Each structure stands twice: as structure tokens, then as C-alpha cells.
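The values are calculated or read from the model by the stated rules, or taken from the named source; none is laboratory data. Quick caveat: nothing in here was measured; it's all calculated off a predicted structure. Heads up, the Cβs are rebuilt from the backbone with ideal geometry, glycines too, and the neighbour counts pull from every protein chain shown. The accessibility values were calculated without ligands, DNA or RNA, using every heavy atom of the protein model including side chains. Shrake-Rupley method; radii C 1.70, N 1.55, O 1.52, S 1.80 Å.
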Amino acid sequence: MFKDTEFIAHFEHSVGYAEKGKDQENEIVFRSLLKRFSDKPDYLVTIGTQVSEFAVRSYLNDIPIIFIGVTDPVKSSLVEHLGSDPNRGNIGGVVYGVPAQMYLDFYADALPGKTFGFIYNPKYQQDIIFKDQLLELASKMSPPFAVVPIEVDHPELSAAQQKMADVFFGKYYVASHLQEFTSTSSKPIVGFNTRNINDDEILVFGCDDVELGKMAARQIVFPNLIQHKALSDLPILV
């Protein structure tokens, strides 16, 4: 993308914390990362809800932020809405996953009449946001879509929890521990993105993480860096 331009790509990366209440730990990670640059980097790219929320609280309008893989940037208070907004500051990004209604419609068509268990860990804000979206949408569907919220604190379903549904799925926590869930469950589990395609799930429906990065590069970085369009003038990509 930078061919025939003055720019040369220089990447540094660190792994932050996805759980709620980890601001102190994330602060250490971010400071260590930024020390690897002689000056401020051109962009701070954050992948995931919690590190993106931390970045906005700590660095908004100091370092340009591009978030990738955030479940709901509005509910996470990263932006006020998904359209261009001259008041939102030096930030742009890409929403993670397809709309919640598309998941429900697909599951209802692929496995009609089944009860689905949504596995979530309350330590992860993205799981809570998505759970609330699912329950609200499922209650309005006709015929009704049966989804049962199942709270866990480790990657295994108890025998009682497995009896609560026919098929199970989740978001961040399940995707991060999918092999542990599938290896201990007697019921089928649905994968959430394409990187889960070989993890013993019954089917996969979701997004391609690599494509999210390409969208950010082509539709956010390039217009901003090369064409000099303000990040706030670019819509949040869905």
C-alpha cells in the first residue's frame, strides 16, 4: 500500500488484557509498547473491546487511534455513532463481527427448533454487550428463537449447564477457549469466526479477522495517511 510513497511500515506490538478491571495492567503494556518508538507512532492500533476502551481514555487526541474488533463501539463509549463525526476526535475503527440479528437468523435457518445456549464470562465486556443484544432480538423474533444465557468462569460446561440447550455458542471467551469447550462438551458448539474452522465445532459463522485488518488498512489508514482525510470524517466500518 505504501509503494511509491514516502512511508515505510514499522510495526511494534504487545498483548494487552481483555478482562474488565485491568487498567493498571494495560497501562504497563501500553507504556512499554510506546517506549519502542523514538517519537510517537503515527497510529495506535487496538484490537479488542477492553484495550480499545483503555486507549481512548488514555490517548485520545494525543495519538491517532484505530480500533479493530470492537463489539459495539457506541456502547463502549468509543464513539457516539458509527457515521462520520467531526466532534469525535482523532479516532476511527472497524466493528467486530456481523450484526447480532444475522447470527440469530442463520442459526434459526441452519438448526431449526433447537435451543441455543449463549456461553459468556462476565469479566469480558464484549460478552455482556453481545448477550444483551441477543436476548433483546431473540425475544422479538417470530417464531421465537430460544436462547439461554449461560454464565461461566472457566472454559468448561457442567453437566447441568449442558442440559440447558441443544447447541452452544459464545463470543470472545468461547472463541478464545473453543478447543477446551469442544473437548469437554457432549453437545455441539458453533464457532464464531473463521480461525475456529478446525476446532471441532459443528459449524462456523462469523467474520474473518484478517479481512478486518485489511479493511482498516485500505479504508482508514490509506485515506488518512495518504489522502489526508481526517479520521473523524471517515465512518466506522461495519
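Are there helices (runs of 4 or more DSSP H) fully within region 66-168 with at least 2 residues that are under 30 Å from Phe11 (Cβ atoms)? List them. It would help to see each step written out before you state the result.
Numbers: elements: 100-110, 125-138, 159-162.
Correct list: 125-138.
I want to confirm something. Restricting to region 44-60 and keeping residues that are under 16 Å from Arg31 (Cβ atoms) and among the polar types (S, T, N, Q), which single residue is surrounded by the fewest Cβ atoms within 10 Å (Cβ to Cβ)?
Only one residue fits best here, namely Ser58.
Say we look at region 194-238 and pick out the residues that are in a loop (DSSP other than H, G, I, E, B) and modelled with pLDDT under 90; which of these is nearest to Ile63 (Cα to Cα)? Before you say what the answer is, go through the steps one by one.
From region 194-238, those in a loop (DSSP other than H, G, I, E, B) are 197-202, 208, 226-230, 234-236, 238; that's our starting set.
Narrowing the set further to residues that are modelled with pLDDT under 90 leaves 197-202, 208, 238.
Numbers: Ile197: 36, Asn198: 38, Asp199: 38, Asp200: 41, Glu201: 40, Ile202: 42, Asp208: 27, Val238: 23 Å.
Only one residue tops the list, namely Val238.
Does at least one position in region 21-42 carry a residue that is within 21 Å of Val190 (Cβ to Cβ) and in a helix (DSSP H, G or I)? Spell out the reasoning first.
Residues of region 21-42 within 21 Å of Val190 (Cβ to Cβ): none.
Checking region 21-42: not a single residue is within 21 Å of Val190 (Cβ to Cβ) and in a helix (DSSP H, G or I).
If you take the residues in region 128-176 that are within 15 Å of Ile189 (Cβ to Cβ) and acidic (Asp, Glu), which one is nearest to the chain's Cα centre (by Cα)?
Glu156
Tyr124 is checked against (1) touching a strand residue (DSSP E or B) at 6+ places or on another chain (Cβ under 9 Å); (2) open to solvent by less than 50 Å² (accessible area, probe 1.4 Å); (3) within 22 Å of Val70 (Cβ to Cβ); (4) not hydrophobic (A, V, I, L, M, F, W, C) and fails just one. What number does that condition carry?
All conditions are met except number (1).
Does region 80-97 contain at least one residue that is open to solvent by less than 30 Å² (accessible area, probe 1.4 Å), among the hydrophobic types (A, V, I, L, M, F, W, C) and more than 21 Å from Ile220 (Cβ to Cβ)?
No, that holds for no residue.
So if I check each of Gly93, Gly69, Gly89, Gly97, which one is more than 23 Å from Asp208 (Cβ to Cβ) and touching a residue at least 24 places away in the same chain (Cβ under 8 Å)? First the steps, then the outcome.
Details: Gly93 fails: more than 23 Å from Asp208 (Cβ to Cβ); Gly69 fails: more than 23 Å from Asp208 (Cβ to Cβ); Gly97 fails: more than 23 Å from Asp208 (Cβ to Cβ).
Going through Gly93, Gly69, Gly89, Gly97 in turn, the sole match is Gly89.
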